[in-house]
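Engineer: Below is a structure I'd like to ask you about.
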Amino acid sequence: MGRIDKAFSADGILVALVFAVAMALLALRPAAAQEVEDPVFRSDVRLVRILATVKNASGAPVGGLSQEDFRIIDGDAEREIAVFERRTNRPLSVALLVDASLSTAIDMAFEKRSARRFLSNLLSDGSDPDDRAAVLTFSEGVEMLSNFTHQERRLHRAVDRIEPETGTSMYDAVMLASEELSRRRGRRVLVVITDGGDTTSYSNFRQALEAAHEADAVIYGVTVVPIKSDAGRNTGGENALNMMARGTGGMSFIEYGEEALDRAFSEILSNLRTQYLLAYYPPKHEDSRVRFRRIEVSVSRPGATVLARNGYYVPEESKILPESISPSRVSVGPNKRPPPAETSNQGKREDE
């Protein structure tokens, strides 16, 4: 019994010592916590990401440029490039949006064939195994016929299901596809095939363009017209799609047949395979009445043209770097992977 009492006494002393040490550590906690919290605050600052394609005077992609060849102007001042990747190999997510309005019926057969070839080339053996594509169709409504996948057969089946219906809701399609892309890591691209203007969207041009900008998505527009000399057609839709493409760093095409559509898809693929990724920290935004900030990206190569976004929307709630903190002190890591997609009853991932 005596040995039990002695052991208890020793344990009590040990507990007291542990308690005293714990209290001493707690007293030191505020200073240590402050050192840890600084990086957490700084990591909330949003980088402005730019996917850029550089073309020479002949329209061919220009590779091999260095960070020093690029210049970014935001407002009136040049910004320091914080991230630079030449021929970036970040995973690619492409949303193919196909107009299924009744006016496309005459061209639908060759559009489907060309779209299938584009998807096959996009996800060919030389592509990144993490690249994905999705197929959406729009008429009066918008429908996702295939979620993002690397399986060509699933995408081809989705294309085959497209059938002409009434209405053209292109803005809604761009907006919804941008929201889907915003959840994905890596590069984000929309390819829109249409034959005319929007007639039935709930959203408008500005809302669609803002959604694309906020998703850091690049838009490529392909307007298919049945007759090359159709001078009396309504070009409002072509102009709107061209503005969205130019504003996000993409291109727009007006094509008149299957062979021309294949050429447009081929140029889009060439651009996607020679993209540069740049990113920088934006300056403090002072005017709360204006959310869109214009930027200009240029290169020091005579005759070269840069395809890059022309601006970005300032988040409504954003944290700005304090003036005392240098951007060089903020670490930049790769995008976080999204949580694994839910599995079906067969145990296969939806995103495959």
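Engineer: Name the single residue that is nearest to the chain's Cα centre (by Cα) among those in segment 123-150 being outside any strand (DSSP E or B) and of a type in the set (Gly, Ala, Ser).
Structural biologist: Looking only at segment 123-150, we keep the residues that are outside any strand (DSSP E or B), and these are 123-131, 139-141, 150.
Of the ones still in play, those that are also of a type in the set (Gly, Ala, Ser) are 124, 126-127, 139, 141.
Values: SER124: 21, GLY126: 22, SER127: 18, SER139: 24, GLY141: 23 Å.
Step by step, filter segment 123-150, then rank; the result is SER127.
Engineer: Something else now. Among (1) surrounded by fewer than 17 Cβ atoms within 10 Å (Cβ to Cβ); (2) assigned to a loop (DSSP other than H, G, I, E, B), there is one condition PHE110 misses while meeting the rest; what is its number?
Structural biologist: Here PHE110 meets the rest and fails (2).
Engineer: Can you confirm whether ARG154 is farther than 22 Å from VAL225 by Cα and either surrounded by fewer than 19 Cβ atoms within 10 Å (Cβ to Cβ) or aromatic (Phe, Trp, Tyr) (or both)? Give the derivation first.
Structural biologist: On the way: farther than 22 Å from VAL225 by Cα: yes; either surrounded by fewer than 19 Cβ atoms within 10 Å (Cβ to Cβ) or aromatic (Phe, Trp, Tyr) (or both): yes.
Taking the combined requirement at face value, the residue satisfies it.
Engineer: Moving to a separate point now. What number of residues within segment 51-102 satisfy the criterion of being under 21 Å from ALA177 (Cβ atoms), over 21 Å from the mean Cα position of the chain (by Cα) and not in a loop (DSSP other than H, G, I, E, B)?
Structural biologist: Within segment 51-102, the first condition is being under 21 Å from ALA177 (Cβ atoms), and the residues that meet it are 51, 53, 90-101.
If we keep only those that are over 21 Å from the mean Cα position of the chain (by Cα) too, we end up with 99-101.
In the following step, the residues that additionally are not in a loop (DSSP other than H, G, I, E, B) were identified as 99, 101.
Residues meeting the conditions: 2.
Engineer: What are the pairs with Cβ atoms under 8 angstrom where one residue, in segment 203-214, is outside any helix (DSSP H, G or I) and the other, located anywhere, is of a type in the set (Phe, Trp, Tyr)? Sequence gap at least six, or different chains.
Structural biologist: SER203/TYR171; ASN204/TYR171
Engineer: Taking the conditions exactly as written (surrounded by fewer than 16 Cβ atoms within 10 Å (Cβ to Cβ), among the basic types (Lys, Arg) and assigned to a strand (DSSP E or B)), does ARG289 satisfy them or not?
Structural biologist: On the way: surrounded by fewer than 16 Cβ atoms within 10 Å (Cβ to Cβ): yes; among the basic types (Lys, Arg): yes; assigned to a strand (DSSP E or B): no.
Answer is no for this residue.
Engineer: Limited to segment 31-68, what total is found for residues that are within 18 Å of ASN271 (Cβ to Cβ) and either in contact with a Lys or Arg (Cβ under 8 Å, 6 or more places away or on another chain) or modelled with pLDDT of 95 or more (or both)? Walk me through how you get there before you give the answer.
Structural biologist: Here is the first cut: in segment 31-68, the residues within 18 Å of ASN271 (Cβ to Cβ) are 49-65.
Filter once more, so that each one left must be either in contact with a Lys or Arg (Cβ under 8 Å, 6 or more places away or on another chain) or modelled with pLDDT of 95 or more (or both): 49-56, 61-65.
So the count comes out to 13.
Engineer: Inspect all residues belonging to segment 273-283 and state whether any of them is modelled with pLDDT under 95, more than 23 Å from THR223 (Cβ to Cβ), crowded, with 19+ Cβ neighbours inside 10 Å and in contact with an Asp or Glu (Cβ under 7 Å, 6 or more places away or on another chain).
Structural biologist: The answer is yes, given that some residue of segment 273-283 is modelled with pLDDT under 95, more than 23 Å from THR223 (Cβ to Cβ), crowded, with 19+ Cβ neighbours inside 10 Å and in contact with an Asp or Glu (Cβ under 7 Å, 6 or more places away or on another chain).
Engineer: Now a separate question. Mind listing just one residue for me: the one in segment 215-251 that is hydroxyl-bearing (Ser, Thr, Tyr) and not in a strand (DSSP E or B) and, of those, modelled with the highest pLDDT?
Structural biologist: The qualifying residue modelled with the highest pLDDT is THR248.
Engineer: Shifting gears a bit: Of the residues that sit in segment 307-318 and are closer than 20 Å to ALA212 by Cβ and over 18 Å from the mean Cα position of the chain (by Cα), which one is surrounded by the fewest Cβ atoms within 10 Å (Cβ to Cβ)? Spell out how you get there, then give the answer.
Structural biologist: Filtering segment 307-318 for residues closer than 20 Å to ALA212 by Cβ gives 307-316, 318.
Now drop any that are not over 18 Å from the mean Cα position of the chain (by Cα), which leaves 316, 318.
Working: GLU316: 7, SER318: 12.
Only one residue tops the list, namely GLU316.
Engineer: All but one of (1) in contact with a Leu (Cβ under 9 Å, 6 or more places away or on another chain); (2) more than 22 Å from ARG113 (Cβ to Cβ) hold for ASN147; state the number of the condition that does not hold.
Structural biologist: (1)
The values are calculated or read from the model by the stated rules, or taken from the named source; none is laboratory data. Quantities reported herein were computed from a predicted structural model and do not represent experimental measurements. In this analysis, Cβ positions are derived from the backbone assuming ideal geometry, glycine residues included, and neighbour counts consider all displayed protein chains.
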